[in-house]
Each structure stands twice: as structure tokens, then as C-alpha cells.
1. Exactly one of these conditions fails for Glu158: (1) closer than 30 Å to Gly304 by Cβ; (2) over 15 Å from the mean Cα position of the chain (by Cα). Give me its number.
2. I need the full set of residues from segment 190-200 which are crowded, with 17+ Cβ neighbours inside 10 Å and modelled with pLDDT of 90 or more, in order please.
3. How do the helices (runs of 4 or more DSSP H) wholly within segment 182-272 filter down when requiring 3 or more residues that are on the phi > 0 side of the Ramachandran plot: which remain?
4. Which of (1) surrounded by fewer than 17 Cβ atoms within 10 Å (Cβ to Cβ); (2) in contact with an Asp or Glu (Cβ under 7 Å, 6 or more places away or on another chain); (3) of a type in the set (S, T, N, Q) is the odd one out, the single condition Thr330 does not satisfy?
5. Would you point out the residue of segment 52-78, among those that are charged (D, E, K, R) and over 14 Å from Leu10 (Cα atoms), that is surrounded by the fewest Cβ atoms within 10 Å (Cβ to Cβ)?
6. Which residue, of Asn301, Asn334, Asn278, is at pLDDT below 95 and among the polar types (S, T, N, Q)?
7. Listed residues Leu42, Leu23, Leu58, Leu86; which is modelled with pLDDT of 95 or more and farther than 30 Å from Asn301 by Cβ?
8. Take the residues in segment 305-316 that are touching a residue at least 60 places away in the same chain (Cβ under 8 Å) and in contact with a strand residue (DSSP E or B) (Cβ under 8 Å, 6 or more places away or on another chain), then tell me which one is surrounded by the fewest Cβ atoms within 10 Å (Cβ to Cβ).
Amino acid sequence: MKRQENYSLLGHNTFGMDVQTTLFVEYDTVDELRTFLQSGELTRHERYIHIGSGSNLLFAGDYQGIVMHSAIRTIEVTEETDTHVLVRVGSGYVWDDFVNHCVMQGWAGVENLSAIPGEVGASAVQNIGAYGVEVKDVIVCVEAMALDGNTRVFAKEECSYGYRDSIFKRELRGAYIVTHVTYRLEKTPTYRLDYGDLRSRVEAHGEPTLKAVRDAVTEIRNNKLPDPKILGNAGSFFTNPVIPRAKYEALKTQYPNIPSYPISEELVKVPAGWLIENAGWKGKALGRAAVHEKQALVLVNLGGATGHEVMTLAERICEDIYTMYGIRITPEVNYV
């Protein structure tokens, strides 16, 4: 187990915020995590947060408490049939490495989720999604540890999954730490290509394959999302709002080009990036924080920005979107 006081989190958040935590703890096994939780240190420090790769975090400043991180990076097949496999993966396994492993093995189900930053544990907490697929579609169960060291297995149905949402973000926020996730992958692919220009990119190279889908998704994401190693960011900063269909139809009379994706007969999802770009924010900066010039859904650190500067920019954008469209957009990024 790694345990270090006054630890820099610069390498643990993709926004590139140079902040410190009072204590950083990284564990390699479930037993190490249990030992730490039962040591009483969480009670003494009062505050704690568990992070993945920091790709969905925005630190306002130094963190006065404990930051925990999983280095459980195991992967094992727990069941295999002629049609599918169940794969149990440690929470610290890098998500895109897991996707690549599945594609190389010929296991279908997560190829549309290629190139999403983060780790396996966070995938189950955030219900990550892209290009018509959400990770809940392939999750079987989530193993987690309570703060008293007791473990529990949550069946997918118990996780209350919604759009970028789960029980771990709401009712059980901070109460459990994810240690493993089990996914079901199929041996016969069912391709999901009807999102954006994904189909045309894949079929331009012939019949669809898992690798072709992964390559196309990776290329699309790399073309429109900045590399956090060069320009600090947390990917998509805002969630796409879901609004009543009647409100969408009313907006469409004023903004004929406003896009949407049907959720149900009564609800539609509107791309937050379109709303922000159409409001004139794309490429604009406030101090050292800015909206990315290629993708309006991404806020970036131009160099030396503080968490408060990024938050102020986000607040201004949210205010303008509500004033212009009567729609409230909310950050997908977690403020710390």
C-alpha cells in the first residue's frame, strides 16, 4: 500500500490542477483496502474522496482530507459459453485498456466506449456512455466495500442506473468503494453504428468489425477532444439535457437546426455542445479557462487556471444557456 502525506495531485487530475491532499492512499488488494478502512484514519481526518484517474474531477484547491485510489488491476474470465463471457475486472484497471483487451479477444459490447478516459471502477459509478451505448448495458454486477470493511455485491438492477447516474452517485454516495466490476460480453457482435457519422466511417473500410468500430470511435474522439497532457481538460464538461418533447418542438420553431435524440415519446435529449456553440461560447475564454475551439462541450485549462476560474466559466455558460433556451445544463464533472 502506498501512503503519503502532503501529496501532489497534479498527476491525478486531467485538468492539470496543481493541488495537494493531506494524505494519499493507494491500495493493491481488497484486503489492503479493508485494513485501511478499519484503521480509523478516515474518522480522524473526517473528509475523504475516492478517485480514479481524475478525468472527471475539478479541484477547487488543496484537499484537506484523504484521497484514496485503487491499484486493483486484475482481470479474469469467470464464465464462458458458446455465446458470451463474463469478465471480472479490478476497479483500478484502465478503462480503455479493458476495451482494447475485449476487442482483441473478439468480445463485443464495449467497442463503442473506446478512448473514454478513466478506470473500471469509475465506469460503474458514472455509467459512462458514448455513441449509443452505456456501460450499464454490459454490467452484470458491481462489488463494493462499505467504510466498515464489509463487502457487498450489487446486481445491475440494484445500481439504479440512469443517464450518467447510479446509486453510487446519489443514495450511496461516499458509502461504498467499488473494488470489482463484472461485465457480460458477447461472442457474436451486434453493431451499434447509428450515431453521428460512425457508420460511414466504419463501412468505408468494408464490413464492420470490432476493431474497425474501435478505431473509428477513437479517431472521432481524438479529432474533437484535446489531449489532457497538452491542454488540461476533463472531456465532456456538461451532461446533455433531457427535456419534454413539447418544449423541444417549441424551441425548434425558433432554432430550426437544433438537434435531438429521442428518449421516449415524451422526452428528447438535446446536445449540450450544440446549445453552447449556438450561444456563441465556442472558443471563448475567461481568464485562463476557455471553451475548446473544436468542441464546445469541453472546457480547458489554458495554463495555470485555478479550479475556481473553470467553475466561474461554467457558471456563466449555464446562465446564458438558461436565459437563451430556458434549459438548465449541469456539469458532468465533479467539483471537489
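1. (1)
2. Across segment 190-200, the qualifying residues are Tyr191, Arg192, Leu193.
3. So the answer is none; nothing clears 3.
4. Of (1) surrounded by fewer than 17 Cβ atoms within 10 Å (Cβ to Cβ); (2) in contact with an Asp or Glu (Cβ under 7 Å, 6 or more places away or on another chain); (3) of a type in the set (S, T, N, Q), only one is false for Thr330: (2).
5. Glu76
6. After ruling out the rest, the residue left standing is Asn334.
7. Among Leu42, Leu23, Leu58, Leu86, only Leu86 is modelled with pLDDT of 95 or more and farther than 30 Å from Asn301 by Cβ.
8. The selected residue is Met311.
The values are calculated or read from the model by the stated rules, or taken from the named source; none is laboratory data. All values derive from a computational prediction rather than experimental measurement. Note: ideal-geometry Cβ built from the backbone for every residue, glycine included; neighbour counts use all protein chains shown.
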